[in-house]
Amino acid sequence: MRDTDEDAERKRMRVQAVDEAYTGLKQHLIDRRRIVFVRDELRRSGGYGVVRRAQLYGSTYLPIWLAPRFQGPPQIVAVKQIRISAADNPSELKRAFTKELLVWSSLLTHPGIAKFLGFYADFDNSEAWLVSPWEPYGNITDFINRRELEVPEKLSLVSLLGTFPLVPI
């Protein structure tokens, strides 16, 4: 019986720690109404979600048709929509998502990692998004494949990547 009580206490402490960390990240929370998905087929799929192109508006206070007049054009962004199924445990999802946010938001100035702009999350409705600037050439693999680089060029890219400091995770 004692092990069960200790396990329950550990779980409660872990949930509390996640909630505190998540609350600390609220400064990066983006109002969902500021994100408008672009209607095109530029989507990338991965093991954990789908990346879609969207427009990020500066405010939710103006209608989309009026906002560019006062705030300039919206920023083109990549929105990674994390795959969440109804069978997933919401507290475990929040924990994993919070860990991802903590790591990415701590690497704001790393030259080899896409800039973190913010996130949107509504775990009750199974939505968790990560927002970064849209890269027109995709990821490094897409870029290399599209360019049909020769071996020396590929090697120089690899050696260039090696000059960036590694960040422990």
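The values are calculated or read from the model by the stated rules, or taken from the named source; none is laboratory data. What you see is a predicted model; the values in this text were computed from it and never measured. Don't worry about glycine lacking a Cβ; one is built from the backbone with ideal geometry, like all the others, and counts go over all protein chains shown.
Tabulated data for the structure shown
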read-out	value
The stretch 73-105 - residue that is modelled with pLDDT under 80 and in a loop (DSSP other than H, G, I, E, B) and, of those, surrounded by the most Cβ atoms within 10 Å (Cβ to Cβ)	Ile84
Residue in the stretch 135-151 that is of a type in the set (A, V, I, L, M), modelled with pLDDT of 75 or more and surrounded by 13 or more Cβ atoms within 10 Å (Cβ to Cβ) present	yes
Residue within the stretch 108-119 that is farther than 25 Å from Arg53 by Cβ and either at pLDDT 75 or above or touching a His at 6+ places or on another chain (Cβ under 7 Å) (or both) present	no
Residues that are hydroxyl-bearing (Ser, Thr, Tyr) and loosely packed, with under 12 Cβ neighbours inside 10 Å, drawn from the stretch 10-25	Thr23
Which numbered condition Gly118 misses (of (1) touching a strand residue (DSSP E or B) at 6+ places or on another chain (Cβ under 8 Å); (2) surrounded by fewer than 16 Cβ atoms within 10 Å (Cβ to Cβ))	(2)
